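The structure under discussion appears below in the form of C-alpha cells.
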Amino acid sequence: MKRLIVVLLVASALIVSALTFGQTPASPLPPVDQKKACLACHDELAAIFTLPNVHRPLADGKCSACHNPHAARHAGLLEDKEADLCARCHKQSAAWSAQPNAHDPVAKGRCTACHEPHGSKVAHLLKSSPRDLCANCHAAVKTWATRPVQHDPVKKGQCTVCHNPHGGKEDYLLKQNQAKLCLSCHQITPMFTSAHRGFDPQTVRCSACHDPHAGETPTLVMKRVHPPFAERDCRACHVAQAEGKAGYPLKSSALIVCGECHGDEAAQVRQFSAHGSGEKQSCEQCHNGHASHESGLLLLPQRQLCRKCHPEPPAGTSTPDPHAKQSCTTCHAQHGSANKPYLIEPPLTLCAKCHSREHHVAHPMGETVLDPINKQPVTCTSCHSLHGWKADPLLPADGSRALCLRCHNK
C-alpha cells in the first residue's frame, strides 16, 4: 500500500512538471488607470471634474475607494452601507449620530440626502446652497423670505451660523444654549437692558418673544402678542426677583396665573387633566405667554404642534386623508372633554355634522348596540379608523369580510 501511494505521488509530480515545463511564472496584472477605465462607460462623470468641489477619491482617480469594480452587496456597487462607507474617512460622523439630537438624515445614515458623493458647485459637496437645501425638508424656510424683516443669518442663507447641520446636544440642532447663542452677537448694553425692562435675558429662551428667523417688526417680536406683554405690564403675570437672583418667575403655576384671565379654559384642564398637564407645566406646553405668529399664541401651527406628541399612524392605503384639511380642534377639545379622546361631542353627533347621509343608512349604532370587542356602544369609530387605516374607506381591516368577522365570527 505504501509503495502504491509513493508511485501515485511521483506520477502526480511528473504530470504537473510536464504541464508547466517551458512556461514562465504568471506576471501580476498591470495597474489600472481607474479614471480612464470608469469614464469609458460612465462618461457623465467627466463634467464633475470641472466643478470647483470634487470628492477627493474621485479627484485622485481612486474610484475603488468607494466602489467595488466587480460586484457588491450594496446599490451603486458601494463597498459598504452609505454611512459606514463615509465614516471610513470622515471619522467624526460616528459622533454626530450619537448626539442626543441628531439631524434626521444623519440618524438614518443618509449622507447623500444633503451631500453629492462625487462633486458639487457648493462647498462641502452640498447639493445646493444651505438655504435651498434646508427648504427641501423644512418648508417654513420659504415663508421667511416673504416677511419684511429677516434675521441677518437667514437673509444671507447662513443656516449653519446658528444650527449644527449634523447633530448636537441642544434642541433644534442649535450650536449652543439659545441665550448664549443669541448673546454671542447681541451684546447686553444699557439700551438692551432698558428695552427688556431690566430682565436678564441670560436665563430664558429669546424665542419666547422673538422669531429667530423672520418677522414683521424690526425687533422680530412675533406679530400676535399677549395683551399684558403688549402693554409692558410684566407684573400682571410675573414677580420681580430679589436682587442678585436671576429670572423673572411667574406669580404662581402657569395654570393658576393663566386662569386669572382664562378661567373657563383652566377649569377644563383641571377637570379633565387635558394632555396630562400638571400644575407646573400646563398651558406652556402649547402656548407662548408673550408672543407668537399663531392664533391662540400657539407655539407652532396647530397640526404641527399636535403631531409633536400625537404622531399620525401611517395609512395602509394610498387613499388621501379626507380630514387632512381640517384642524385638530374641528373634532377635539384642546383643553379637555368628557368624551374620549377629548372629542368636542360624542362620535355619533360629531360625525353626523358632515356625514348626514351615512348616519341614516349605517350599521346599527347607539347605546343599545354593544361592540363585542370593547363592550362599549357601537359608534362610527368602531369601524372607522380616522387617523391611520389599513383599508378603504378609513377602515381598520378589509370591509368585504375581515372587518365584519372581527365581531360576527359565529
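Structure above, values below:
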{"quantity": "Residues with amide H under 5 Å from that of Gly167, placed H, sequence gap 5 or more", "calculated": "His103"}
{"quantity": "Convex hull of the stretch 148-217 built on C-alpha atoms - directionally averaged projected area, nm²", "calculated": "5.1 nm²"}
{"quantity": "Helix 263-272 vs. the chain, principal-axis angle (Cα, 0 to 90°, nearest 10)", "calculated": "60 degrees"}
{"quantity": "P(r) weight above 37 Å for the chain, C-alpha pairs, percent", "calculated": "52 percent"}
{"quantity": "Helix-only CD estimate at 222 nm, as mean residue ellipticity for the chain, using -39500 (n - 2.57) per DSSP H run (n ≥ 4)", "calculated": "-6500 deg cm²/dmol"}
{"quantity": "Degrees between helix 2-20 axis and first principal axis of the chain (Cα, 0 to 90, nearest 10)", "calculated": "90 degrees"}
{"quantity": "Using distinct alpha-carbon pairs, which all enter the 1/r mean, Kirkwood radius of the stretch 181-325 in Å", "calculated": "17.6 Å"}
{"quantity": "Förster-model FRET efficiency, 35 Å R0, Ala123 and Arg307, C-beta, rounded to 0.05", "calculated": "0.55"}
{"quantity": "Whole-Hz couplings from phi, Karplus 6.51/-1.76/1.60, listed for the stretch 103-118; x for Gly and Pro", "calculated": "4, 3, x, 5, 4, 9, x, 9, 4, 6, 5, 10, 10, 7, x, 10"}
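Each value in this text was obtained by applying a stated rule to the coordinates, not by laboratory testing. These numbers come from a predicted model, not from an experiment. Note: ideal-geometry Cβ built from the backbone for every residue, glycine included; neighbour counts use all protein chains shown.
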